[in-house]
Amino acid sequence: MEQVWAKEPDKLNKVELIKLEKDGLDIVNDIERYAKLGFDAIEEKDFDLLKWLGLYISRPKEAGFFLLRVKVPGGVLSSAQARVLSGIARDYGRNLLDISTRHAIQFHWIRVEYLPDIFARLEKVGLSCLESAGDCPRTIVGNPVAGYDPEEVIDAAPILQQVSDFFHNNRDFSNLPRKFKMSISGSIHNPVHAEINDLSFTPAEKEVDGEKVIGFNVLVGGGLSAKPSMAQPLDIFVRPEQVLAVAKTVAAIFRDYGYREKRNHARLKFLLQDWGAHKFQQEVLKLTGPLATRGQDLTVDWNAGCLYGVNKQKQAGLNYVGLSIPLGRFDAEEMEQLAAIAEHYGDGSIRTTNSQNLILLNIPDAKVEALLAETVLARLTPSPAPFTARAVCCTGTQFCPLGIAETKQRTATILEYLDKHVELDEPLVLHISGCVNSCAQQQIADIGLQGVAARIGDQLTEAFEFSIGGKLGPQAAFSVKLKGSVPADRAAKAIESLVVFFKANKLSGESFNQFVQRVGIESFQIELDNFITQG
């Protein structure tokens, strides 16, 4: 593979220059040495490359701790793997585990000295941290109940695994301009948030040579952060056996033509915005050869990735049980108990979701009642309170160097207040991010909060900016940011005021997003202004 971008080094940012000297995958060769010598021995340029091993420096940097991310492609996890994750959390991560918005499991308080043993444990059970971060294909998200979902139009799990296996540790694609996020799903409910991925394969139907074929339509160029962009549809239909070829092609185009001068202008969405979908599609077809035109889109709605309660599987007599993991955070003992429950009542199958929750699979009808009586499900409940059920939050200032606001404990306080004081008869999606980088995807929520620093008198204090009206699926739209900010300790009451306004004025059966579209953003701006003015 020729690194065509290397021909003009003066147009490369500093991370690109580092990657010219050493591929991100090569950092694994330094781990034994750094583990022996300790944190202070890590070369400054290697901190960027450590991301290829799922390592992010934690706040404060001088403490020498890392966040460590483990890939769980498609959310597929076994009880044996869960026990290993529990053991790592217990032995090295102060008992704490987080679920990310891309199925992954994350640990905190990890030191470089721990890594050889952690990596060895993961390898024994078929797990890996490799390329869970960095400028490479990230963990692929899918329908967490693929193969079990009675409503899915195609079981995409084998395809997702094939694509994931191809890109894993593949040096032809280990040096992309920036991260590359994919989703592959056959669900009609869009649990993968297809519109915010760089490349998404969504369920579709097409008549080809007189035969109805179930396959995929293709979206490209989605992403969030400071400049969110909805993925754009290409006019192509992809048969299941063509998915890998198209994924390779799109990744190769991004690799060879994507921007490498500025880190904040390097995602695929920027190339797509400049080229346009038509030119991008032409480049795809040059490499793949002819493909059928776009099929009928089979996505009917968006479930925000939330799957709770006892649900019938397509397999007769079996059920999957969706559990709420509040804030996406739980401890080693809870993980150990869930592994035991998955084995005792099912076949050990567990799934992580990109709404930061868990699912237990293959539970026979006769065992459901006993499973629901398990003590650990009192907190990790299959019947979460309304606000908690659809809340997502990022790591925040507790660990993240980029965070501006604390999120985990703050969100817990907010949810406790809302679930106690505000009744909901329509689902409401609430996402809370600690900064502009959108790790909690606040732009796709009914109500999204973003951490900022606000001046109150002579003091800078943690605060949140509000945005409203986000949704994915049919009629997808990003939320719109309201003017002004609310001190963090008043955020719960500010959310309450907006929800009370919605409840008092909505039509019967009207969702929050539909209400926003009907009454307009200005009505919510007035409500927020009144709340801020009232002090």
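The values are calculated or read from the model by the stated rules, or taken from the named source; none is laboratory data. Quick caveat: nothing in here was measured; it's all calculated off a predicted structure. Positions of Cβ are generated from backbone atoms using ideal geometry, with glycine treated the same way; all protein chains shown enter the neighbour counts.
When Phe330 is tested against (1) under 18 Å from Ala391 (Cα atoms); (2) surrounded by fewer than 20 Cβ atoms within 10 Å (Cβ to Cβ), exactly one condition is not met: (2). Every test in (1) under 23 Å from Thr299 (Cβ atoms); (2) touching an Asp or Glu at 6+ places or on another chain (Cβ under 9 Å); (3) buried (at least 16 other Cβ atoms within 10 Å of the Cβ) is passed by Ala445 save one, and that test is (2).
Based on this model, can you work out whether Arg171 counts as farther than 21 Å from Ala304 by Cβ and modelled with pLDDT of 95 or more? Answer is yes for this residue. Per this entry, Ser225 is not counted among residues that are polar (S, T, N, Q), surrounded by 24 or more Cβ atoms within 10 Å (Cβ to Cβ) and within 23 Å of Lys71 (Cβ to Cβ). In region 441-457, of all residues being at pLDDT 95 or above and among the small types (Gly, Ala, Ser), the one that is nearest to Thr101 (Cα to Cα) corresponds to Ala445. In this structure, is Leu85 at pLDDT 95 or above, farther than 30 Å from Asp297 by Cα, touching a Leu at 6+ places or on another chain (Cβ under 8 Å) and not assigned by TED's automatic domain parsing to the domain that holds Ala342? When the stated conditions are applied, Leu85 passes them. None of Ser523, Ser497, Ser467, Ser508 is on the phi < 0 side of the Ramachandran plot and in contact with a strand residue (DSSP E or B) (Cβ under 9 Å, 6 or more places away or on another chain) except Ser467. With respect to the stated conditions, Asp149 fails to be among the acidic types (Asp, Glu), closer than 16 Å to Phe330 by Cβ and buried (at least 22 other Cβ atoms within 10 Å of the Cβ). Each residue in region 108-124 was checked for being basic (Lys, Arg) and within 16 Å of Asn95 (Cα to Cα), and 1 of them qualify. Pick from region 1-19 the residues that are assigned to a helix (DSSP H, G or I) and over 29 Å from the mean Cα position of the chain (by Cα): which of them is surrounded by the fewest Cβ atoms within 10 Å (Cβ to Cβ)? This residue is Asp10. Condition (residue is without any contact (Cβ under 8 Å) to a residue 60 or more places away in the chain, under 26 Å from the mean Cα position of the chain (by Cα) and closer than 27 Å to Ser187 by Cα) applied to region 443-452: is it met by at least one residue? Yes: region 443-452 contains one or more residues that are without any contact (Cβ under 8 Å) to a residue 60 or more places away in the chain, under 26 Å from the mean Cα position of the chain (by Cα) and closer than 27 Å to Ser187 by Cα. Taken residue by residue, region 232-251 has at least one member that is in contact with a Gly (Cβ under 8 Å, 6 or more places away or on another chain), within 27 Å of His431 (Cα to Cα) and outside the structural domain of Ser100 (by TED's automatic domain parsing).
The residues of region 392-407 that are within 17 Å of the chain's Cα centre (by Cα), touching a residue at least 60 places away in the same chain (Cβ under 8 Å) and within 18 Å of Arg490 (Cβ to Cβ) amount to a single one, Cys393. Residues in region 465-493 that are surrounded by 14 or more Cβ atoms within 10 Å (Cβ to Cβ) and farther than 20 Å from Asn513 by Cβ: Gly484, Ser485, Val486, Pro487, Ala488, Arg490, Ala491, Ala492, Lys493.
Among the residues making up region 118-158, a single one is out of contact with any Leu (no Cβ under 9 Å at 6 or more places or on another chain), assigned to a helix (DSSP H, G or I) and of a type in the set (Lys, Arg): Lys124.
Comparison of Phe254, Phe270 shows that the only residue that is hydrophobic (A, V, I, L, M, F, W, C), modelled with pLDDT of 95 or more and in contact with a strand residue (DSSP E or B) (Cβ under 8 Å, 6 or more places away or on another chain) is Phe254.
From the list Val300, Val321, Val310, the lone residue that is surrounded by fewer than 19 Cβ atoms within 10 Å (Cβ to Cβ) and assigned to a strand (DSSP E or B) is Val310.
Only residues that are of a type in the set (Ser, Thr, Tyr) and under 24 Å from the mean Cα position of the chain (by Cα) were counted across region 476-492, and they come to 1. When Leu268 is tested against (1) surrounded by fewer than 18 Cβ atoms within 10 Å (Cβ to Cβ); (2) within 26 Å of the chain's Cα centre (by Cα); (3) among the hydrophobic types (A, V, I, L, M, F, W, C), exactly one condition is not met: (1).
Can you confirm whether region 138-151 contains a residue that is modelled with pLDDT of 95 or more and under 24 Å from Phe65 (Cβ atoms)? Yes, some residue in region 138-151 is modelled with pLDDT of 95 or more and under 24 Å from Phe65 (Cβ atoms).
Kindly indicate whether any position in region 333-355 is closer than 23 Å to Glu423 by Cα, at pLDDT 95 or above and either over 19 Å from the mean Cα position of the chain (by Cα) or not assigned by TED's automatic domain parsing to the domain that holds Asp419 (or both). Checked against the condition, which is being closer than 23 Å to Glu423 by Cα, at pLDDT 95 or above and either over 19 Å from the mean Cα position of the chain (by Cα) or not assigned by TED's automatic domain parsing to the domain that holds Asp419 (or both), region 333-355 yields at least one hit. Here Val163 clears all of (1) of a type in the set (A, V, I, L, M, F, W, C); (2) out of contact with any Gly (no Cβ under 9 Å at 6 or more places or on another chain); (3) under 18 Å from Phe216 (Cα atoms); (4) not in a helix (DSSP H, G or I) except the condition numbered (4). Exactly one residue out of Ala120, Ala156, Ala146 is free of Cβ contacts under 8 Å to residues at least 24 places away in the same chain and among the aliphatic types (A, V, I, L, M), and it is Ala120. Reported count of residues in region 276-297, each being assigned to a helix (DSSP H, G or I) and among the acidic types (Asp, Glu), is 1. Filtering region 231-259 to residues that are of a type in the set (A, V, I, L, M, F, W, C) and crowded, with 20+ Cβ neighbours inside 10 Å leaves Ala231, Leu234, Ile236, Phe237, Val238, Val243, Val246, Ala247, Val250, Ala251, Ile253, Phe254.
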